[in-house]
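Nothing in this text is a laboratory measurement; each read-out follows from the coordinates by a stated rule. Since this is a predicted model, take the numbers as computed values, not measurements. Note: ideal-geometry Cβ built from the backbone for every residue, glycine included; neighbour counts use all protein chains shown.
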Amino acid sequence: METTETTSLEDSLRRAAIDRSVKGPVLFLFANAALWLLAATVLGLVSSVKLYAPEFLDSDWTWFLNYARVQPAHMNALIYGWAMQAGLGTMIWLMARRTGQELKGASTVIIATIFWNIAVTLGLLSILFHGSTSMQWLEFPKYLWPIFTISFLMIATRLVGMFARAHKEGEGFMITSWYILGACFWFPWIYLTANLFLHCFGSSLNGASAAGINAWYVNTLILLFFVPVGLGACYYYLPKITGQPIYSSQLASLGFWGLAFLGGWTGIQKYMGGPLPAWMPAIGGAVMILLLVPAGIVALNFHISTEGRHGLIETSPTLRFVFVGSFCYLALSAVGALLGTFWTGSLLQFTYAEYGFHILAIYGFFSMTMFGAIYYIVPRLSGCEWLSARLIRSHFWFSVYGTAALVVCMLLGGLAQGASINAPGNWNLPFVGSIINARGYLIGRTVAWVFILWSNAWFFIHLVLMVLGLGRRSVAPTLLHHEESHAPATA
Amino acid sequence: MTSLRKFVIGIGISFGLPWLLLIVVPAISAQKLTTLSYDKERDGMEGAYPGKGIYRQGQLIYAKEGCTQCHTQMIRPGFAGILDPWKKGWGSDQAETPAQPIRPSTQRDYMFEPYAYLGVQRNGPDLTNAGYRLADKSRLEIHEHLYSPQAVNKWSIMPGFRHLYKVQPIQAAGSPKALKLPAAFAPEKGYEVVPTAEAEELVNYLLSLKKDAPIPGEVVADTAAKK
């Protein structure tokens, strides 16, 4: 009995030391990320209105707010401003916890974050006021990619270092650290490949190959950065909060290697029927279908692991967000497969459906998982509890309804748009049909962004108060119901 | 360290394979594409395919303005319900009923440009062959469309690119380049709208978009007879 108590005290002290070492960088990353999320949401709202009312905010001095500039600014703020920074913060904390290592060189991480944010700011201003490169998700001016690469590597090398140190001490492989370690390798590889090919060897490339590399970058960034980081977080929080271990490590490993082997092949199906050799989009589409296998394996593993404890989503904010996120992984695999096959893809190609897929991946899956992680991590680092269960609840519901409405509107809107473009009766008509068909869904897109804006504005305020240490001083975590009861110390 | 090494090797192989086979090798082999020449006997025409490329200086404006967000430049083959080859005006033949469907785009069509702006979405019409479509419009009309799309099509959701144009006081008889705009879109009295150099470059680019030349060896007899 005595030994257990000493160990648990030692454990707590060790955990506290680890948390202290990551506090500065992780909170800094989260606060910046939440600010960019707010910016991305406002830009998303403006660009959604532009699609049915181009005269909105169209005075002479707001010339830079047209759809062609706001839309890429919106996506880039969402990806590089919010998603990647929230991901990096979560990666640092998870890796430190999982490996039991303190973060060495926290100031390096903070410096890297500062440079990252300067680069995002410059990039967005450049898209709005100077113009974009018109390469999807790489619209930032080309002089910025070295800054992003170096900043990422400055952080990733810390994570790899932690992993290697733990490994020397004989700690075994854990699925969460696999996914995070994988993301540390994959992102620089993907990002460098795309930027070197498009910006450095660009002039000697065939134009169509370059466009294919861009499409590959977009899909691979989702599948081999956002998916692994999100799943890494799911694999940590689901067993942690339900108190049940992951059902099968074989299934977990199968899901991981399935993704690793398949993830790099997709993307070019965006240009199916296009100028690239037909096997390239064909293999992309086929692999999108094959990817349903690792997704199904992961979902099955999650389901069995949490069986019987699903009721905990009533009280735990983290579990709630992570649940929705892990469900969206299955949904995004299904939508990805639909967009990738020629049978349905030819109808949905070049329509709003692609935007729906991206939002499902980056918001429905990744961001929801990151929200869950943030609700868990921040109280442990800032030393205070979330101020209000009501704010968390409304953040959750407005996000869920907003994202669901957005994704459904964009998929149906894409279908309406694609059907009109391909309707034989429209062969000689001007382009008005697809515009009128999709209008209702585009208004839905605006309403959805209003919902998401409402939820994110409160999330931002709540998070900033927490980071400033102005949260609730209490030993009991903020749970969504039964606040009076002495619930176990899991939030 | 065996197991960490194994992990890194596993990542290297699993991702290196698609990286090499899908990205690096095809990109290098596509660089080796050369122009083909028509055979007078077989094709009934002479010259090289593809002919001259696009107007690169204007393409930079096209990219900068983000036109690719809504305009594609890629004709898909006509099967599985795709209508691209039969869209009126999307090919070289602007007739009401073209003699033959528009041909799908090939990799060679883009060999003179470092990056093919195939497009993100198709919220507006495809521009692969916009050069043919715009040929029967005057430059002035194209400028008017870019300046205020709603003046041309009331239902259009295209943004007006007014920042590529200059509003200036009318001097003497006015500039010959001044846009003729409907009252609702015109500047105040005594002023006129003229295109900047950037707008002119953009129009030059749009007029250079002609990717519908027949492929050597696949020239349809009908075209051959006409030429």
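Summary table below
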| quantity | calculated |
| --- | --- |
| Rounded Å value of the spacing that divides the Cα centres of the stretch A:12-26 and the stretch A:289-308 | 32 Å |
| Of B:Lys180/B:Lys210; B:Lys189/B:Lys211; A:Lys50/B:Lys52; B:Lys52/B:Lys88; B:Lys32/B:Lys87, those spanning more than 31 Å from alpha-carbon to alpha-carbon | B:Lys189/B:Lys211; A:Lys50/B:Lys52; B:Lys32/B:Lys87 |
| Estimated Rh, the stretch A:23-467: Kirkwood, alpha-carbon pairs, angstrom | 22.2 Å |
| Loop-located GluC sites (Glu not before Pro) in the stretch A:1-89 whose Cβ has at most 15 other Cβ within 10 Å (DSSP) | A:Glu55 |
| For the stretch A:231-287, the spread of Cα positions along each principal axis, largest first, Å | 52, 19, 12 |
| The stretch A:301-424 - convex hull of the alpha-carbon atoms, volume per residue in Å³ | 115 Å³ |
| Under-5 Å amide H pairs with A:Leu103, H placed in peptide plane, nonlocal only | A:Ser21, A:Val22 |
| GluC sites (Glu not before Pro) within the stretch B:1-103: DSSP coil, no more than 10 neighbouring Cβ in 10 Å | B:Glu46, B:Glu96 |
| Spin-label pair A:Arg473/A:Ser107, simplified geometry with 7 Å Cα→Cβ offset, distance in nm | 3.1 nm |
| Counted charge near B:Met111, where neighbours are those whose Cβ lies closer than 14 Å (Asp, Glu -1; Lys, Arg +1) | +3 |
| log₁₀ of I(q)/I(0) at q = 0.15, 0.17 Å⁻¹ - chain B, Debye sum with one point per alpha carbon | -1.08, -1.27 |
| Cα-centre dipole for the stretch B:53-225 with unit charges at Cβ (Lys and Arg positive, Asp and Glu negative), debye to 20 | 280 debye |
| Centre separation in Å (Cα based) which lies between the stretch A:213-286 and the stretch A:359-399 | 24 Å |
| From phi via Karplus (6.51, -1.76, 1.60), per-residue ³J(HN,Hα) for the stretch B:200-212 in Hz, x at Gly/Pro | 5, 4, 4, 5, 4, 5, 4, 5, 8, 7, 9, 10, 10 |
| Length-normalised contact order of the stretch A:273-351 in % [C-alpha pairs under 8 Å, at least 6 apart] | 45 percent |
| Set of aspartates and glutamates near B:Lys6 by C-alpha distance (under 18 Å), chain-local residues within fewer than 8 positions excluded | A:Glu169, A:Glu171 |
| Proximal lysines relative to A:Lys23, as straight alpha-carbon distance under 23 Å, when same-chain residues fewer than 8 apart are discounted | A:Lys104, A:Lys240 |
| Estimated inter-spin distance, A:Ala164 and A:Thr62, nm [label 7 Å along Cα→Cβ] | 5.2 nm |
| Residues whose placed amide H lies under 5 Å from that of B:Tyr191, excluding near-sequence neighbours | B:Ile170 |
| B:Leu20-A:Val450 pseudo-label distance in nm [points 7 Å out on the Cα-to-Cβ vector] | 5.5 nm |
| Percent of Cα pairs exceeding the 22 Å cut-off, where the set is the stretch A:54-155 | 40 percent |
| For B:Tyr49, residues with placed amide H under 5 Å, excluding near neighbours | B:Leu36, B:Ser37, B:Tyr38 |
| Cβ-based net charge around A:Gly414, under 14 Å, with every Lys or Arg adding one and every Asp or Glu removing one | +3 |
| Neighbour cut-off at most 12 other Cβ (10 Å), DSSP loop, GluC sites (Glu not before Pro), the stretch B:138-216 | B:Glu188 |
| Around A:Val46: net Lys/Arg minus Asp/Glu count, Cβ-Cβ under 15 Å | +1 |
